[in-house]
Amino acid sequence: MRAFLLATVVMLTAACVGMPKRPEGAPSRVVVVGASVVQKPAPRGLVGDVFGDDEPRDVVAREGAEALRSRGYQVLGVELTPGPAPTVEQCAALARQYRADAVVVLELTRLDLSAVQPLGRAEVQLESMMVDPQGQVLSSDEHRSTTSETLYRARTDWRSHVRQAVIQAIRELP
């Protein structure tokens, strides 16, 4: 029993160390907006057939909210937008509506899965933006990454590659 508790504590500590915490003075109450201009990829393999319901914007928003929570942010809401990301003015209005400190927008702009089957790699391009209720852009960045996963699921399911890119983008937010 002690070994189990010790192993649990060690794993939890290791998980917390991997994601940087929210800096002091940074916005703490946020709304996440998931957007995507990428079409939903066709399911690949058994895992993709079974779990193939998600739209890219759903995955981006869900994973973004979870990554923000792990950094110490309080996520007040998650919004999905079809097509491109909302404007700065729309983000500021959304922040005021939720009474949030900021809106975090994550937009998937490119997802290349041509190398996912043979190599377990995908190219993911993601844009992130953090806007406060007054319309000031606190952070804006474009992230291009080549994700690499060796697990079977990663070679048949695009979600793990998008998740990895979202986590990397969230790490760079203030």
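Here's how it looks for Gly77: its modeled amide H is under 5 Å from those of Val32, which are all 5 or more places away or on a different chain. In order along region 106-114, phi translates into HN-Hα couplings of 10, 10, 7, 10, 7, 9, 9, 9, 5 Hz, rounded to whole numbers, per the Karplus curve 6.51 cos²θ - 1.76 cosθ + 1.60 with θ = phi - 60° and x for Gly and Pro.
Does region 64-127 come out rounded, prolate or oblate, given a ≥ b ≥ c as the square roots of the eigenvalues of its C-alpha gyration tensor, rounded meaning a/c under 1.5 and, failing that, prolate meaning a/b above b/c? Because a/c hits 1.5 or more and a/b fails to exceed b/c, region 64-127 counts as oblate.
Our coupling estimate for region 60-76, obtained by passing each phi through the Karplus curve with A = 6.51, B = -1.76, C = 1.60 and θ = phi - 60°, is 4, 5, 5, 5, x, 4, 5, 5, 5, 4, 5, 8, x, 6, 9, 8, 7 Hz, Gly and Pro reported as x. 3J(HN,Hα) along region 33-39: 10, x, 9, 7, 9, 8, 5 Hz, from the Karplus curve 6.51 cos²θ - 1.76 cosθ + 1.60 with θ = phi - 60°, whole Hz, x for Gly and Pro.
The numbers here are math on the coordinates, done by the rules we state, and not lab data. Quick caveat, the model's predicted, so the values are computed rather than measured.
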